[in-house]
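Colleague: If you scroll down you'll find the structure; I have some questions about it.
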Amino acid sequence: MLVCAGNLLYAQSPGLLPPDVATRALGGAGLTQSGAAALWTNPAGLAGTAQFSGNATVEQRFGLSDLRLAGIALAVPGGFGLRLAHYGYAGYAQTTLVGMYGRSLTNRLDIGLELGGAMLAVPQHEGRSAATAGLGARYRMAENWSVAASYRTFVGEQPYSTYRLGIGYRPGAQLALHAEVSYTGRTSLQFHMGIEYTLAERVVLRIGVDSGRREVSGGIGYLMDGGVELALTTAYHEQLGLTPVAGIIFRPE
């Protein structure tokens, strides 16, 4: 069961990146977001960052204690960001470190760049390294409409690239809608959709669908004083069951 789930994890996750707990609840959709919410999805979202923000997430895939993903990321003033991710199981492990930078070209257009490396470990084999790089862009069409795109490539023994295109709509301060499509060259087009709704000022509800992982997801977050959110997410796969995800998000007002 563990080997089967591990192989499915590799096949499901282009880039093998655990997004933050909030983006996970949104079906992986987050290209148009800013600051801490953009650290796992689009470096262009770091443009104009004026305060420190970040997130930390841990995920137990399909409820298996030996199959965990963990990630921590930080955005700093000036448009810079850094993320560290680790995942693995008994037969495989990978640690990835990526640096990011985003800046505004105009009052509507933001661009971003990310560069990093990965260490891969397989028992009884020599460790291997790989490189990762990516580009991102975001364009604000109107006050509450944005479109974004990203390109990410992984250079190693089995190189591949991921392309994503998405749109975000915020009809009000409490509601956000996200829809994206991704393509890896290995599979058909994959769709990611999510809805985020802030209830009673301190409670955030999220739901999402990820066709690539073949999962539906839902989550809840509690907003504390000081810009800290404690969040829980559950994703459901029709064959392998539930994946619990927990995390903390820091984004000062």
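The values are calculated or read from the model by the stated rules, or taken from the named source; none is laboratory data. The structure displayed is predicted, hence computed values, not measured ones. With ideal geometry, Cβ positions are generated from the backbone for all residues, glycine too; neighbour counts draw on all protein chains shown.
Colleague: Between 22, 29, 37, which is in contact (Cβ under 8 Å) with a residue 60 or more places away in the chain, in contact with a His (Cβ under 6 Å, 6 or more places away or on another chain), within 19 Å of residue 166 (Cα to Cα) and not polar (S, T, N, Q)?
Modeller: From the options 22, 29, 37, the qualifying one is 29.
Colleague: Given the options 45, 81, name the one that is modelled with pLDDT of 95 or more and assigned to a helix (DSSP H, G or I).
Modeller: Numbers: 81 fails: assigned to a helix (DSSP H, G or I).
None of the others qualify; the one that does is 45.
Colleague: Does segment 163-184 contain at least one residue that is surrounded by 15 or more Cβ atoms within 10 Å (Cβ to Cβ), over 16 Å from residue 27 (Cβ atoms), aromatic (Phe, Trp, Tyr) and touching a residue at least 60 places away in the same chain (Cβ under 8 Å)?
Modeller: So far as segment 163-184 goes, no, none of its residues is surrounded by 15 or more Cβ atoms within 10 Å (Cβ to Cβ), over 16 Å from residue 27 (Cβ atoms), aromatic (Phe, Trp, Tyr) and touching a residue at least 60 places away in the same chain (Cβ under 8 Å).
Colleague: Take segment 82-110 and flag every residue that is closer than 15 Å to residue 40 by Cα, aliphatic (A, V, I, L, M) and out of contact with any Asp or Glu (no Cβ under 7 Å at 6 or more places or on another chain).
Modeller: Across segment 82-110, the qualifying residues are 82, 84, 85, 97.
Colleague: Same structure again: In segment 204-217, is there at least one residue being at pLDDT 95 or above and either hydroxyl-bearing (Ser, Thr, Tyr) or outside any strand (DSSP E or B) (or both)?
Modeller: Within segment 204-217 (the criterion being at pLDDT 95 or above and either hydroxyl-bearing (Ser, Thr, Tyr) or outside any strand (DSSP E or B) (or both)), the answer is yes, since at least one residue qualifies.
Colleague: Restricting segment 84-106 to residues that are at pLDDT 95 or above and not aliphatic (A, V, I, L, M), which is surrounded by the fewest Cβ atoms within 10 Å (Cβ to Cβ)?
Modeller: Only one residue tops the list, namely 106.
Colleague: Is it the case that segment 117-135 has a residue that's charged (D, E, K, R) and closer than 18 Å to residue 28 by Cβ? Break it down into steps so the answer makes sense when it comes.
Modeller: To start, the set of residues in segment 117-135 that are charged (D, E, K, R) comprises 126, 128.
Filter once more, so that each one left must be closer than 18 Å to residue 28 by Cβ: none.
The answer is no, given that none of the residues of segment 117-135 is charged (D, E, K, R) and closer than 18 Å to residue 28 by Cβ.
Colleague: Considering (1) buried (at least 24 other Cβ atoms within 10 Å of the Cβ); (2) charged (D, E, K, R); (3) farther than 14 Å from residue 233 by Cβ, say which one residue 24 fails and leave the rest.
Modeller: (3)
Colleague: Among the listed residues 246, 231, 235, identify the single one that is surrounded by fewer than 18 Cβ atoms within 10 Å (Cβ to Cβ), assigned to a strand (DSSP E or B) and touching a residue at least 60 places away in the same chain (Cβ under 8 Å).
Modeller: 246
Colleague: Is it the case that segment 125-134 has a residue that's touching a residue at least 40 places away in the same chain (Cβ under 8 Å) and either basic (Lys, Arg) or part of a strand (DSSP E or B) (or both)?
Modeller: Yes.
Colleague: Report, by residue number, each residue of segment 51-101 that is among the hydroxyl-bearing types (Ser, Thr, Tyr) and touching a Gly at 6+ places or on another chain (Cβ under 9 Å).
Modeller: Within segment 51-101, the subset among the hydroxyl-bearing types (Ser, Thr, Tyr) is 53, 57, 65, 87, 89, 92, 95-96, 101.
53, 57, 87, 89, 92, 95, 96, 101 - these are the residues of segment 51-101 that are among the hydroxyl-bearing types (Ser, Thr, Tyr) and touching a Gly at 6+ places or on another chain (Cβ under 9 Å).
Colleague: Do we find that residue 149 is at pLDDT 90 or above, of a type outside the set (Asp, Glu) and loosely packed, with under 14 Cβ neighbours inside 10 Å in this structure?
Modeller: no
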